[in-house]
Amino acid sequence: MITIDATDKTLGRVASEAAKAILGKHKTVFVKHQIVGEEVTVTNVSKIRVSGAKARDKEYIRYSGYPGGQKSESYAQVTARRGEGEVLRRAVLGMLPKNKLQARRIKLLKIEK
């Protein structure tokens, strides 16, 4: 198990460190078609930094598949509704390969306030 302290670190740096550990890139037995990564615990997520005006300008977009079904939320709205952990989870999810193992790999990420 790997523990990452997010105090005064930027969102992308913490997310990329977590994604590498979940994938198992730090191990010599790494293979891309199997889960060889470890469980990653990120602590102090509420103290994570976001650079620039991202807190107000960054948008998270989702689409339901129906006409007019595109919805967007800003970084501030997502953190108010779901917390900083959700923003970190979405950042790590975007860094994982889009394949059948993605859902199983994201379960290796544990987020603590």
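Restricting region 62-88 to residues that are of a type in the set (A, V, I, L, M, F, W, C) and touching a residue at least 12 places away in the same chain (Cβ under 8 Å), the residue that is nearest to Gly24 (Cα to Cα) is Leu88.
Please go through region 39-68 and give me each residue that is part of a loop (DSSP other than H, G, I, E, B) and acidic (Asp, Glu), ordered by number. Matches in region 39-68: Glu39 only. Just one of the numbered conditions (1) exposed (fewer than 15 other Cβ atoms within 10 Å of the Cβ); (2) assigned to a helix (DSSP H, G or I); (3) touching a residue at least 40 places away in the same chain (Cβ under 8 Å) is not true of Lys113: (2). In a residue-by-residue description of region 2-11, the property of being under 20 Å from Gly94 (Cβ atoms) and touching a His at 6+ places or on another chain (Cβ under 9 Å) applies to at least one position. Of all residues in region 1-27 being closer than 11 Å to Val40 by Cβ and touching a residue at least 40 places away in the same chain (Cβ under 8 Å), which is surrounded by the most Cβ atoms within 10 Å (Cβ to Cβ)? Checked region 1-27; the qualifying residue surrounded by the most Cβ atoms within 10 Å (Cβ to Cβ) is Ala18.
Of the residues making up region 85-96, not a single one is not in a helix (DSSP H, G or I) and not aliphatic (A, V, I, L, M).
Kindly list the number of the only condition in (1) under 20 Å from Ile111 (Cα atoms); (2) in contact with a Ser or Thr (Cβ under 7 Å, 6 or more places away or on another chain) that fails for Arg13. Tallying (1) under 20 Å from Ile111 (Cα atoms); (2) in contact with a Ser or Thr (Cβ under 7 Å, 6 or more places away or on another chain), Arg13 fails exactly one: (2).
Listed here are the residues, each with its yes/no results for (1) modelled with pLDDT of 95 or more; (2) under 13 Å from Ile111 (Cα atoms); (3) touching a strand residue (DSSP E or B) at 6+ places or on another chain (Cβ under 9 Å).
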residue	(1), (2), (3)
Lys20	yes, no, no
Thr43	yes, yes, yes
Ser51	no, no, yes
Asp57	no, no, yes
Gly68	yes, no, no
Ser72	yes, no, yes
Glu84	no, yes, yes
Arg89	yes, yes, yes
Val92	yes, yes, yes
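The sole residue among Glu86, Glu73 that is acidic (Asp, Glu), closer than 27 Å to Asp8 by Cβ and surrounded by fewer than 16 Cβ atoms within 10 Å (Cβ to Cβ) is Glu86. Any chance region 47-56 includes a residue that's in contact (Cβ under 8 Å) with a residue 40 or more places away in the chain and of a type in the set (A, V, I, L, M)? Scanning region 47-56, I find at least one residue that is in contact (Cβ under 8 Å) with a residue 40 or more places away in the chain and of a type in the set (A, V, I, L, M), so the answer is yes.
The values are calculated or read from the model by the stated rules, or taken from the named source; none is laboratory data. Quick caveat, the model's predicted, so the values are computed rather than measured. All Cβ positions, even for glycine, are placed from backbone atoms using ideal geometry, and neighbour counts span all protein chains on display.
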